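Report on the structure given below.
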Amino acid sequence: MKFLRVDMKTKTVKTEDVPPAYRGLGGRGLTSILVNDEVPPGCDPLGPENRMVFAPGLLTGTALVNTSRISIGAKSPLTGGIKESNVGGTVPAALGKLGITAVVVEGQAPEGELYVLRIDARGEAALEAANECKGMRTYALVEKLLGTYGEKNGVLCIGPAGEFLMSSASIQSSDADGRPCRAAGRGGLGAVMGSKGLKALVVDLTGKSPDALADPEAFKEQAKAFAEILRKNPFTGQMMPALGTAGLVSAVNSLGAFPSYNATQGTLEGWEKVSGEALAQMIQDRGGKTSHMGCTQCILHCSNDFVDEKGGFVTSSLEYETIWSMGGMTGIVDLDAIARLDRLADDIGLDTMNTGVALAVAMDAGYRPFGDAEAALEMMEEIGRGTDMGKILGNGPAAVGKHFNHHRVPVVKNQSIAAYDPRGMQGNGVTYATSPMGADHTAGNLVGQYLGRALDPLSPEGQVEASRNAQIAMAALDCTGICLLAGTVLGNPKVLDVFLKLIAAKTGEDIDAKGWGDMGIRVLKAERAFNRNAGFTSRDDRLPEFFREEPLPPHNKTFLVPDEELDSIFDF
Amino acid sequence: MRVFVRLFGTLAGRFPDHDPVKGIEIDLPGGAVVADLLEHLGISGDESGVVAVDGRVSAPDDPLPDQGSVNILQKMHGG
Ligand code: SF4
């Protein structure tokens, strides 16, 4: 239970016990509450006053499966509000196994200097000069760092986009095979890292000093029960390993809610060619991996290894949201092209969603035609080189819309929507509009409820309540370090009970379903407070106008949830 | 009546005649409903079959469209 405080100005790292106010917090709870406490809301997100918090979840570093997840928090250069971006890979579990509750990075290195934060097997940390890594793309960077520090290390790093301080810059995380293919994509946190002069964190994976469990026996028993539940559940036990999240391509297109051609259509013509089923078949025929362990201790294996026609590795993991942003929004109905775009995004260090949508807005504005894969690849290379146009594209859809004076820009608080159109899934529109994170599907996704007929996706009725409940549940879940795909089973009260027993066995404090909800509400309140103090009002909790004006085929609906209802969502 | 059924998720693998583009043709007695189709195909509740017709999720007792197409998905969550 310790914080590492990293000062980029003095290049010192201090270790401190977790202050009492932050005990029992982890993941998003810790990042959001700490950012709200310590970051001046009016500060320049790319200035020295912003702080970055890297916090593994409460259960990360324990033996529980699917808990190698970390929340990264700061003030976002994309939204201007608070940001938590979540990622897996190997570093989260490694930090947990070192008993590190959070790494807090403050200040700024002098301009032009670049550093690596190295954390060794004893949890000792130091900043090491890394000017030779300047401008490096992430795959080459990770190879170099693992060469220097050894294979048994995990890396969180930025690519050129982060160094260019672009608003779509991601932080890439190395996977179980040492490739920087997992991304804390959202909110431009890669630019915050770049502004601090921090190129990478390199964390030893062999640490063995996790926090003690309050009740190890109970933990072991419940952890076994939870893993068994995941194995037996049809979604987590069968569909995830078979298709990964790409399985949603068929589902969301079948419901006419797959935003295509910059959100002018709700089904992508030829979606069957980029579906999860087609992807799995293609990977299998070519000898790639249809399922793969992306994050330490994962038993779901939602990840895949996409290979080219000759069987050469292209990227991991091709996921639903990327197939949508790089394929659906751009009209590029070609898995090979989408995979190359995904690889470039990982390598340059970019959020695939914000970037794919930026390309789509440029195409919609007439800069390049929809469906032109070569043009999309060229635009990505421009971002990677940091040309003038590349900088506009790398700053995301809102910057591109402004550049071309184009009105159809599907963002909230400057962050792109995800692969569920608000007109075809009204409740996801509520989440986009009201989440303190900006448009973010992971903040409260209702697709499962629509497929299960619990709610009519096209009617405004009941959407605010459903989104509120989902947002509270997600805010709580994001505190724990459980992967959100594994977390889908928590909707069942009996399973939630098992999970709450795990939290109690770790912390020593009982928690019931109400306490779970209260945890989520506490997080949301801190995030809302930060955003309010940063100048956000209810006018920022709105979708762009075109969602109310332009009906989306095939259902030809607009977004129908009234503003007053949106404004009531957080009347806790 | 006849419906053209496309299966998604892990369901398609169970039906050797299933073509990824065209699906399979299924003949059912006139007036058959969604639940009849699932029963005919042997898709149980555990497999969480979701039947979509015309971009909408159907209820078990909804009628099927004669000569129409039907997508059978599985319940999924977003990631
Ligand atoms: S299911 Fe996917 S995202 Fe979740 S822990 Fe496993 S590999 Fe990582």
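Values as computed for the structure displayed
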| read-out | value |
| --- | --- |
| Gained length - A:Glu549 relative to A:Glu309, 0.36 nm times residue gap less alpha-carbon distance | 82.0 nm |
| Reachable aspartates and glutamates, given that their alpha-carbon falls under 18 Å from the alpha-carbon of B:Lys22 and they are not under 8 places away in the same chain | A:Glu269, A:Glu272, A:Glu277, B:Asp54, B:Asp66 |
| Residues of region B:1-29 buried by at least 20 Å² on assembly (accessible area, 1.4 Å probe, chain alone as reference) | B:Arg6, B:Phe8, B:Gly9, B:Thr10 |
| Contact order relative to length of region A:224-566, as percent, for alpha carbon pairs under 8 angstrom and 6 or more apart | 15 percent |
| Approximate spin-label separation A:His407-A:Glu381, in nm, with each point projected 7 Å along Cα-to-Cβ | 3.6 nm |
| 10 Å Cβ neighbours from other chains, averaged over peptide A:244-255 | 6 |
| Size of region A:291-414 as Cα extents on the principal axes (Å, biggest first) | 46, 33, 25 |
| Kirkwood Rh and Cα Rg combined as Rg over Rh, evaluated for region B:2-74 | 0.91 |
| B/A buried area, accessible surface, summed, 1.4 Å probe, Å² | 2300 Å² |
| Separation between Cα centres of region A:112-180 and region A:284-337, rounded to whole Å | 23 Å |
| Anisotropy class of region A:477-525 from Cα gyration tensor, a/c 1.5 cut | rounded |
| Restraint check, A:Lys75/A:Lys289; A:Lys83/A:Lys273; A:Lys14/A:Lys208; A:Lys208/A:Lys232, Cα-Cα greater than 29 Å | A:Lys75/A:Lys289; A:Lys83/A:Lys273; A:Lys208/A:Lys232 |
| Region A:2-204 - Rg over Rh from alpha carbon coordinates, Kirkwood radius | 0.92 |
| DSSP-loop GluC sites (Glu not before Pro) across region A:204-291, with at most 14 other Cβ within 10 angstrom | A:Glu269 |
| Relative contact order %, chain A, counting alpha carbon pairs below 8 Å whose residues are six or more apart | 16 percent |
| Gyration tensor (alpha-carbon) shape descriptor, region A:224-566, a/c threshold 1.5 | oblate |
| Calculated FRET efficiency for the pair B:Asp46/B:His18, C-beta based, R₀ 22 Å, to 0.05 | 0.65 |
| Square roots of five times the Cα gyration tensor eigenvalues for the protein assembly as shown, Å | 37, 27, 24 |
| Estimated distance in nm for a label pair at A:Glu113 and A:Lys144, the labels positioned 7 Å out from Cα along Cα-to-Cβ | 1.9 nm |
| Accessible-area composition of chain A, carbon plus sulfur, in percent [1.4 Å probe] | 48 percent |
| Average beta-carbon neighbours from other chains, 10 Å sphere, peptide B:62-75 | 3 |
| Probe 1.4 Å, protein heavy atoms only - accessible area per residue of chain A in square angstrom | 33 Å² |
| Simple label model, 7 Å out from Cα along Cβ direction - A:Asn556 to A:Arg286, nm | 4.0 nm |
| Estimated [θ] at 222 nm from DSSP helical runs (n ≥ 4, -39500 (n - 2.57)) normalised by residues in the protein assembly as shown, nearest 500 | -10000 deg cm²/dmol |
| Inter-chain Cβ neighbour average for residues B:50-57, partner chain, 10 Å | 6 |
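The values are calculated or read from the model by the stated rules, or taken from the named source; none is laboratory data. What you see is a predicted model; the values in this text were computed from it and never measured. Glycine gets a Cβ as well: all are built from the backbone with ideal geometry, and neighbour counts include every protein chain shown. Side chains included, ligands, DNA and RNA excluded: accessible areas come from the protein's heavy atoms. Shrake-Rupley method; radii C 1.70, N 1.55, O 1.52, S 1.80 Å.
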